[in-house]
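The values are calculated or read from the model by the stated rules, or taken from the named source; none is laboratory data. Predicted model, so just to flag it, every value in this text is computed and none were measured. When we count neighbours, we look across all protein chains shown, and the Cβ atoms used for this are built from the backbone with ideal geometry, even at glycine. For accessibility, only protein heavy atoms count, side chains too; no ligands or nucleic acids. Shrake-Rupley method; radii C 1.70, N 1.55, O 1.52, S 1.80 Å.
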Amino acid sequence: MKCLQHALVSACAVVAGAMPLSSIAAPEMIFFGGPIITMNADDYVAEALAVEGGRILAVGDWDTVLAMADETTRQVDLDGSALLPGFVDSHSHANFIGLQAMSANLLPPPDGEGASVASIQRLLREYIKSESALQRELGWVIGFGYDDSQLAELEHPTRQDLDAVSTTVPILLIHQSGHLGVANSLGLEMAGVGADTPDPDGGAFRRESDGKEPNGVAEEYAFFRLIFSALAAADEDLQDRMVLAGTASMASFGYTTAQEGRANPEGMAAMKRVADRGELAIDLVSYPDMLMVEELSPSRSYQNRYRVGGVKLTIDGSPQGKTAWLSLPYHVPPQGKDESYVGYPAIDVATVNSNVMRAFDEGWQLLVHSNGDAATDTLLNALRLAREKHPDVELRPVLIHGQVLRKEQVVALDELDVFPSLFPMHTFYWGDWHRDSVLGPERAENISPTGWLRERGMMFGSHHDAPVANPDSMRVLSATVTRTTRSGAVLGAQHRVDVMTGLRALTIWPAWQHFEESDKGSLEVGKLADLVVLSDNPLTVDESDLAGLQVRTTYKEGHVVYQQDER
């Protein structure tokens, strides 16, 4: 029996056969009083929605749904707020969101006060005085989110800048991109980094004018050496608290499915411990780094809200940090590089080819971080080789970021059945920087080219890559729709999309990305009651107000997992 989708309601998808309404159990909850944006194939906006047993029992008009209620049914008046499917995270790093929440907030406005080296020094001194639990447990001071592109100096802080804060406590600052960092002199010493330390493959220690002494700034695998040293004392309890803090943050922005998009062995163990104790409030999907985790067992089934969804491979770095691997030089090269500088790969071509093939051989879903177009050329070539060997396997491989895609690469992604998880949020946070320093005006217009994808009818995910940016779903939506930079300019008007498309990129399309479209991503009978209540209707507010919409309540399978303060 085909279930009705509009004014018709009923529980035909929940109960076998065509049963009379009177024989169906009354719902636990009914939502009404605001637009219910179902995100189904017809873009239907309903008047009421019923929930029973953690799933959607009915969606339709108010009179029909209300007829299902009895005296035990809780009626939730939305009072004009909008109800949508819970958001599905297309890409982030849930564990490191937790680390960010425990660290000194060095983000620039509007998310923090890190607007200059002096302000960063002030924030670090205040954080040290607070004697945070993280500082006590690690023995390090960690600051998260500084961004050289937004500092008054337009330069990275140096070890001398951090030595001015403390020479007795090791300090590590994590760049907002998550691909670079800065340590003070003691931090470098504790990590075993000095003038004689060579640059690792796929990374670099920036040097002072003598070309030898590290100035404190580290890129990619050189930065990883610093952060591994800083986190060496992290015990299981701290790791577990990071998982809980990260997923709680995601829930506060309306996400009911979160992703850990590059898990290490310690993070994998922590996520499983938290899940085994039944402490995860929302679903969490992890993708272990293929080059770091030896035991890999992806599954499409959750155990206590956790599963390993596939594997992750990282080919290059960050465009705003100028470590992404481009085919043409950066518009303005970073300090110490000449005008031919194009960034660099994090791993070699042979490693890319062998690991992409391994994922196809094993039948694992593969997420690949590729920002620069040279990196994406390498990915596409590896995928062609894998497709030749496995022409019919459905793995839904995912391109993560794809900031500097060329139009012919979009065609290739489509032909190779690659799902693009793009980062239009860059247009707000770094759009001006891309135009003026990273890529120049022409290439910057086409970062995260959603318009080219839609010309071909392609689905895509729109992500925040938290903790690179806050996991702010409405900022993601706003950037995907408006592509407005911090300065108010529109970057790449041809890639703007309508609000419904932007919402699809937060709901049903990333649900498909994760092989979960039958359970998540739209409000339809039989699907999980993963819901988010927004302060207003995103389909009717002015596009300039999208970023200001607030998450009022998040429900996971009908249970409240986040409630906004009433203040």
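Against the compact-protein benchmark of 2.2 N^0.38 Å, the Cα-based radius of gyration of the stretch 297-384 scales to 1.32.
Using just the Cα positions, wrap the stretch 487-567 in a convex hull and report its mean projected area in square nanometres, one decimal place.
Numbers: hull surface 29.8 nm².
Taking the Cα atoms of the stretch 487-567, their convex hull projects to 7.4 nm² on average.
Placing +1 on the Cβ of every Lys and Arg and -1 on the Cβ of every Asp and Glu, with no other charges, gives the stretch 408-466 a dipole of roughly 140 debye about its Cα centre. Pairs of Cα atoms in the stretch 290-345 fall into 10 Å distance bins, from 0 up to the last occupied one, in shares of 21, 30, 18, 20, 11, 0 percent.
Could you calculate the FRET efficiency of GLU137 with MET292 from 1/(1 + (r/R0)^6), where r is the beta carbon distance between them and R0 is 35 Å, rounded to 0.05? Please list the in-between numbers first.
Values: r = 23 Å, r/R0 = 0.66.
Calculated value: 0.95.
Accessible area per residue for the chain, computed on protein heavy atoms with a 1.4 Å probe, is 37 Å².
Summarising the label geometry, the points placed 7 Å from Cα in the beta-carbon direction at ASP436 and GLU279 lie 4.4 nm from one another. What number does the stretch 264-304 give for Rg over Rh if you use C-alpha atoms and the Kirkwood radius? Using Cα coordinates only, the ratio equals 0.95.
Using only Cα atoms, figure out Rg for the stretch 109-265 and give it as a multiple of 2.2 N^0.38 Å.
Details: Rg = 15.9 Å, N = 157, 2.2 N^0.38 = 15.0 Å.
Dividing the Cα Rg of the stretch 109-265 by 2.2 N^0.38 Å gives 1.06.
Rounded to the nearest 20, the Cβ-based charge dipole of the chain about its Cα centre (Lys and Arg +1, Asp and Glu -1) stands at 280 debye. Under the combined filter of DSSP loop state and at most 15 neighbouring Cβ atoms within 10 Å, the stretch 47-82 retains these GluC sites (Glu not before Pro): GLU71. Just the protein heavy atoms count here, and of the accessible area of the chain at 1.4 Å, carbon and sulfur take up 49 percent. Convex hull of alpha carbon positions in the stretch 45-116: directionally averaged projected area 8.6 nm². The ratio of the alpha-carbon radius of gyration of the chain to the globular-protein estimate 2.2 N^0.38 Å is 0.97.
Under 10 °C and 1.306 mPa s, how fast does the stretch 341-496 diffuse according to Stokes-Einstein, given a Kirkwood radius computed over C-alpha pairs? Answer in µm²/s, whole number. Write down the numbers at each step before the final one.
Numbers: Rh = 16.1 Å.
In µm²/s, the coefficient rounds to 99.
Pairwise over distinct Cα atoms, reciprocal of the mean inverse distance: report the Kirkwood radius of the stretch 84-185 in Å, one decimal place. Result for the stretch 84-185, one decimal place: 14.1 Å. In the stretch 406-557 the Cα-Cα distances spread across 10 Å bins starting at 0 as 11, 38, 36, 13, 2 percent of all pairs. When each pair of different Cα atoms in the stretch 431-501 is counted once in the 1/r mean, what is the Kirkwood radius in angstroms, to one decimal? Taking the inverse mean of 1/r over all distinct Cα pairs, the stretch 431-501 comes out at 12.7 Å.
Close amide H pairs (under 5 Å, H built 1.01 Å from N) link ASN215 with ARG206, ARG207, GLU208, residues at least 5 positions away or on another chain. Starting from the Kirkwood radius over alpha-carbon pairs of the stretch 103-159, derive D by Stokes-Einstein at 10 °C in a medium of 1.306 mPa s and give it in µm² s⁻¹. Rounded, D is 138 µm²/s. Axis angle, to the nearest 10 degrees, between helix 236-252 and the longest C-alpha principal axis of the chain: 50 degrees.
Based on the Kirkwood radius over alpha-carbon pairs, what value in µm²/s does the Stokes-Einstein equation return for the translational diffusion coefficient of the stretch 75-128 at 10 °C and 1.306 mPa s?
Values: Rh = 14.5 Å.
The estimated diffusion coefficient comes to 110 µm²/s.
Under the rule of -39500 (n - 2.57) per DSSP H run of 4 or more residues, summed and divided by the residues of the chain, what mean residue ellipticity at 222 nm is obtained, to the nearest 500 deg cm²/dmol? Calculated from helices alone, the mean residue ellipticity at 222 nm is -8000 deg cm²/dmol.
Taking the convex hull of the alpha carbon positions in the stretch 222-287 and averaging its projected area over all directions gives 4.7 nm². With the simple model of a label 7 Å out from the Cα in the direction of the Cβ, ARG300 to THR540 spans 3.9 nm. Taking Cα centre as origin and charging only the Cβ of basic (Lys, Arg, +1) and acidic (Asp, Glu, -1) residues, the dipole magnitude of the stretch 243-347 rounds to 280 debye.
Averaging 1/r across all pairs of distinct Cα atoms in the stretch 331-423 and inverting the result yields a Kirkwood radius of 14.0 Å. For the stretch 204-361, with equal point scatterers placed on the C-alpha atoms only and solvent neglected, what are the log10 I(q)/I(0) values from the Debye formula at q = 0.10, 0.11, 0.15 1/Å, to two decimals? Here log10 of I(q) over I(0) equals -0.49, -0.59, -0.97.
Close lysine pairs were tallied over the chain: pairs 8 or more places apart or on different chains with Cα atoms under 25 Å apart number 15.
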